[in-house]
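The values are calculated or read from the model by the stated rules, or taken from the named source; none is laboratory data. Keep in mind the model is a prediction, meaning the values are calculated, not measured. Because the Cβ atoms are built from the backbone with ideal geometry, glycine has one as well, and the counts that use them run over all protein chains shown.
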Amino acid sequence: MTQPKMNIYILSINSRIYSTNRLYHEATKKGHNVRVVDHTRCAVLLGEAKPQIYLGSENITHGVDAIIPRIGTSVTRHGSAIVKQFEMNGAFTTAKSLGIIRSRNKLRTMQILARKRIPIPKTLFAKDTANIKEHIELLGGAPIIIKLQEGTQGLGVMIAESKKSAKSIIESLYNMNVNIILQEFIEEANGQDIRVYIVGNKIVASMMRSSTEEDFRSNVHRGGTTESVTLTAYEKKIAIHTSKVLGLPVCGVDIIRSKRGPLVIEANSSAGLEGIESHTNINVAGEIIKYLEKNVRRFGK
Ligand SMILES: Nc1ncnc2c1ncn2[C@@H]1O[C@H](COP(=O)(O)OP(=O)(O)O)[C@@H](O)[C@H]1O
Ligand SMILES: [Mg+2]
């Protein structure tokens with residue numbers, strides 16, 4: 001029996017982005033009707049029997065089986081509200097709005113992971129400038145890492161090498177009302193982190209990213225390079241656990257290796273496909289479409 005076809009919307013601002021393009025291609029290959037919907041051009045009308053979703057002036061409310069949100073960090077608030085509306089209207093989604101919002105904020109992510117006893121770097125948040133010195137001590141002293149709560153691609157992650165510079169940077173940021181977290185610096189991570197790609201709460205691919213010599217941040221956008229990695233059973237376990245507790249069945253989980261074992265630093269609800277697919281030769285986009293085929297109610301077995 002041939003598999004019934006789905007109507008899939010990929011919520012993305014641009015169909016030429018590698019990840020969007022790959023998802024589009026894989027879904028079309030399987031015969032599904034796919035459309036790239038620019039969520040920044042979407043509007044929602046509430047107060048009718050069923051909330052109506054518009055793209056520009058076109059009503060796109062009806063007949064959508066599944067959505068794949070690819071929401072950029074600059075539009076989290078609007079994007080996640082659009083995702084929420086599709087969810088409430090009954091569409092299946094690879095990332096629920098709650099999971100997107102949780103993972104976008106590093107503080108919220110750390111609080112949830114800490115509650116579930118998933119290992120993370122020692123992390124502190126405060127607002128008041130009175131006890132900064134003590135806070136630095138609580139994290140084991142300088143150097144420390146200072147992160148914007150909603151930064152991405154390595155931008156917004158800083159290292160303060162001395163107590164003096166840490167204190168002055170933190171003081172300035174608190175006074176400017178910038179939301180930050182402080183974190184112990186895991187020196188032995190050696191500028192490397194591990195990206196674990198999860199689809200349907202299962203690991204489908206992973207790679208290690210290494211920073212350039214001048215940097216401690218391993219983000220590919222900061223010039224980091226990729227290499228192969230073999231995950232330990234424990235690393236696999238905490239990566240999957242992270243995707244479950246954040247409510248992100250499809251995500252990228254980032255782990256650094258410390259003296260006391262692996263530590264989760266973040267999860268990404270719109271993890272890029274280019275690096276992971278080109279490094280591993282694994283068809284991650286195809287796995288995401290397969291996940292939809294299994295889980296969309298009308299089509300699942
Ligand atoms: N506590 C830490 N100790 C050492 N290196 C870190 C720490 N936190 C982050 N890094 C490095 O900085 C990079 C960016 O940090 P991350 O929290 O993932 O922010 P972003 O969302 O900007 O990618 C990580 O990939 C890692 O290489
Ligand atoms: Mg990161």
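Numerical summary
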quantity	calculated
Of residues in the range 152-164 being buried (at least 16 other Cβ atoms within 10 Å of the Cβ) and within 12 Å of ligand 2 (Cβ to nearest atom), the one modelled with the highest pLDDT	157
Test: residue in the range 49-62 that is outside any strand (DSSP E or B) and under 17 Å from the mean Cα position of the chain (by Cα)	no
Count of the range 267-301 residues which are assigned to a helix (DSSP H, G or I) and touching a helix residue (DSSP H, G or I) at 6+ places or on another chain (Cβ under 7 Å)	9
The lone exception for residue 264 - which of (1) part of a strand (DSSP E or B); (2) more than 16 Å from ligand 2 (Cβ to nearest atom) it fails	(2)
Test: residue in the range 169-177 that is outside any helix (DSSP H, G or I), without any contact (Cβ under 8 Å) to a residue 60 or more places away in the chain and away from ligand 1 (no atom under 13 Å from the Cβ)	yes
Residue among 287, 227 that is more than 16 Å from ligand 1 (Cβ to nearest atom), acidic (Asp, Glu) and surrounded by fewer than 22 Cβ atoms within 10 Å (Cβ to Cβ)	287
Number of the exception - residue 164 against (1) in contact (Cβ under 8 Å) with a residue 40 or more places away in the chain; (2) under 30 Å from residue 128 (Cα atoms)	(1)
Number of the condition not met by residue 93 [criteria: (1) away from ligand 2 (no atom under 16 Å from the Cβ); (2) in contact (Cβ under 8 Å) with a residue 40 or more places away in the chain; (3) under 30 Å from residue 9 (Cβ atoms)]	(2)
Residue in the range 119-135 that is acidic (Asp, Glu) and in contact with a strand residue (DSSP E or B) (Cβ under 6 Å, 6 or more places away or on another chain) present	no
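Listed here are the residues, each with its yes/no results for (1) more than 14 Å from ligand 2 (Cβ to nearest atom); (2) at pLDDT 95 or above; (3) of a type outside the set (Phe, Trp, Tyr); (4) within 16 Å of the chain's Cα centre (by Cα).
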position: 220; (1), (2), (3), (4): no, no, yes, yes
position: 224; (1), (2), (3), (4): no, no, yes, no
position: 244; (1), (2), (3), (4): yes, yes, yes, yes
position: 258; (1), (2), (3), (4): yes, yes, yes, no
position: 282; (1), (2), (3), (4): yes, yes, yes, no
